1. Can you give me the long-range amide H partners of ASP348? Hydrogens built in the peptide plane at 1.01 Å from N, cutoff under 5 Å, separation of 5 or more residues or another chain.
2. What is the distance in Å between the Cα centroid of region 298-356 and that of region 88-149?
3. By how many nm would the segment from THR344 to ILE299 lengthen if fully extended, with 0.36 nm per residue of separation less the alpha-carbon distance?
4. Tell me, what ³J(HN,Hα) does each residue in region 360-369 have, in order and in whole Hz, if you take phi through Karplus 6.51 cos²θ - 1.76 cosθ + 1.60 with θ = phi - 60° and put x for Gly and Pro?
5. What FRET efficiency would be calculated for the residue pair HIS415, THR92, taking the C-beta separation as r and a Förster radius of 41 Å, to the nearest 0.05?
6. Based on the alpha-carbon set only, what is the convex hull volume of region 343-421 divided per residue, in Å³?
Amino acid sequence: MPAPSADEAPPSLPWRDALKVYLEPATLRMLALGFSAGLPLLLVLGTLSFRLREAGVDRTTIGFLSWVGLAYGFKWVWAPLVDRLPIPPLTTLLGRRRGWLLLAQLGVIAGLAGMAFNDPRDGLPPLVWCALLVAFGSATQDIALDAFRIESAAARKQAALAAAYQTGYRLAMIWAGAGVLWVAAWAELPGLAGYQDNAWKTAYLVMAASMAVGVLTVLLSPEPARVALPQPKTVGAWLQSVLIEPFADFIRRYQWQAVLILSLIAVYRISDVVMGIMANPFYVDMGFTKDEVATVSKIYGVIMTLLGAFVGGVLSMRLGVMRVLMLGAVLSAASNLLFAGLATRGHDLTALVLVVSADNLAGGIASAAFIAYLSSLTNITYSATQYALFSSLMLLLPKFIAGYSGKFVDLYGYHAFFVGTAALGVPVLVLVALASRTTGNGKVTAPASSTAPSEMAP
C-alpha cells in the first residue's frame with residue numbers, strides 16, 4: 001500500500017488549537033517521561049567520555065567504548081517481547097506499557113549506581129558492564145515509552161507529543177551533560193588537581209536519583225487504552241504475530257517505498273551522532289573546564305533546545321513534517337561546521353556559547369520533526385515493535401561509525417573531523433527530497449492500516 005498522500009492528510013490546525021495541545025495532560029506527561037528517557041543516554045556516551053578523558057583514557061579507546069550505545073541499535077530484537085509479553089505482577093498492577101516502563105527504569109537506576117562506584121583508573125570492565133546495564137535498561141524504556149506515546153494521542157496530535165517528549169529528552173540530556181559536570185565540579189575537593197573519582201561518584205548518584213521523575217510519572221499516569229490483539233492458538237502462530245508480522249506489515253503498507261524510508265531513517269541523525277562522541281573530549285582538550293561547559297550548556301543549551309523543539313513541533317503541524325525534516329537536516333550539518341571553526345580558535349568562551357546555542361537549536365528542530373515522522377509511519381497494532389525498529393535503525397549505522405571517531409581525531413585532528421561529520425549530512429538532504437516526493441506534503445497522518453485513538457488520553 002503506498003504511503004499516505006497529501007490528499008489523505010488532515011487539515012492544518014489553527015494556530016490557537018496547535019498551541020493549546022501543549023497544555024493537555026498527555027502532552028505534559030510526555031514532557032516528564034521524555035526527561036526519563038533522555039537522562040541515561042549521555043551518561044553512557046558523552047558525559048562518560050568526558051569522565052574517561054579526564055581520567056587519562058586515550059581518545060581511541062573512548063571512541064570504541066561508545067559502542068556500548070549499540071544496545072540502542074539492536075533494541076528491535078527484544079521489542080516484540082516488550083510489545084506482548086506480560087511481567088507478573090507489574091503488568092497486573094500497572095498495565096502492559098507502564099509495567100515495562102517501571103522495570104526498565106529500575107534497571108537504569110541500578111546501572112547508574114554501579115557506574116558511580118567504579119573508578120575507571122582501576123580498570124574499565126566493571127564500569128563498562130554497568131554502562132551496558134544502563135544502555136539496555138534505557139533502550140527497553142524507549143521501546144515501551146514510544147508505544148505509550150503513540151497510543152496516547154490521535155495521529156494529528158503526535159507532533160505536539162513528539163515536541164513535548166523531545167523537550168523533556170533534551171532537558172534531561174542537558175542535565176546529564178551540563179548538570180552532571182556542575183555537580184562533579186561542586187563535589188571536588190579544593191586544592192586537589194586532576195581527576196577526582198569521588199566527585200564523579202556523587203554526580204552519578206545524583207543522576208540515578210533524578211530518574212525518580214520518570215518513576216513517579218509512570219506510577220501516576222493512566223495506562224493507554226489497550227488495543228485488542230488477536231490471541232494466537234499455537235506457539236508458531238504467536239511467533240508469527242510477535243516477530244514477523246510487525247515487519248511484514250510495514251513492507252505491505254509501503255512496498256518499494258519502504259527501502260527509501262528505511263534509508264532515510266538510517267542516516268538522518270548521522271552528523272549529530274558521530275560528532276557527539278568526541279564533543280566532550282574536544283572540550284577537555286581545548287582547555288574548557290567542567291564549570292564552563294556546564295554553564296554554557298545549562299543556560300544557552302536549555303533556551304535554544306526549548307525553542308528548537310517548540311518551533312519544530314509547531315512548524316511540523318503547520319507546514320508538514322517533510323519540510324521541517326529538510327530544514328533540520330540542513331541546520332544539523334551546518335552546526336558541525338561551526339564546531340570546525342571553534343577547533344581553530346582554542347579556548348574561546350564566547351565562540352563556545354554561539355556554537356552550543358546553534359547546535360541545540362538545530363537539534364531541537366530536527367528531532368521534533370523526525371520523531372513525528374517516525375510516529376506517522378507506525379501501525380498502532382505493532383507500535384512498540386515498529387517504532388523500536390525505526391529508532392534502532394536510526395542509531396545503528398551512526399553509532400558504529402562513531403566508534404572510530406577517536407581514531408580519526410588522533411590521525412587527522414578535530415577540524416577535519418567536524419568537517420567530515422558535516423559532509424555526512426549531504427546524503428540526508430537527497431533522501432529527504434526523494435522521500436518528500438512520495439509522501440506528499442508530509443502532514444502527520446496515521447498509517448493506513450492502523451486504528452489510531454480518536455482522542456487524547458486523559
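1. none
2. After rounding, the separation between the Cα centres reads 30 Å.
3. 13.8 nm
4. For region 360-369, the Karplus-derived couplings read 5, 4, 4, x, x, 5, 5, 5, 4, 5 Hz, x marking Gly and Pro.
5. Values: r = 57 Å, r/R0 = 1.39.
It comes to 0.10.
6. Dividing the Cα hull volume of region 343-421 by its residue count gives 106 Å³.
Readers should treat all values here as calculations from the given coordinates under stated rules, not as data from a laboratory. Here the structure is a predicted model, which is why all the values come from computation and not from measurement. With ideal geometry, Cβ positions are generated from the backbone for all residues, glycine too; neighbour counts draw on all protein chains shown.
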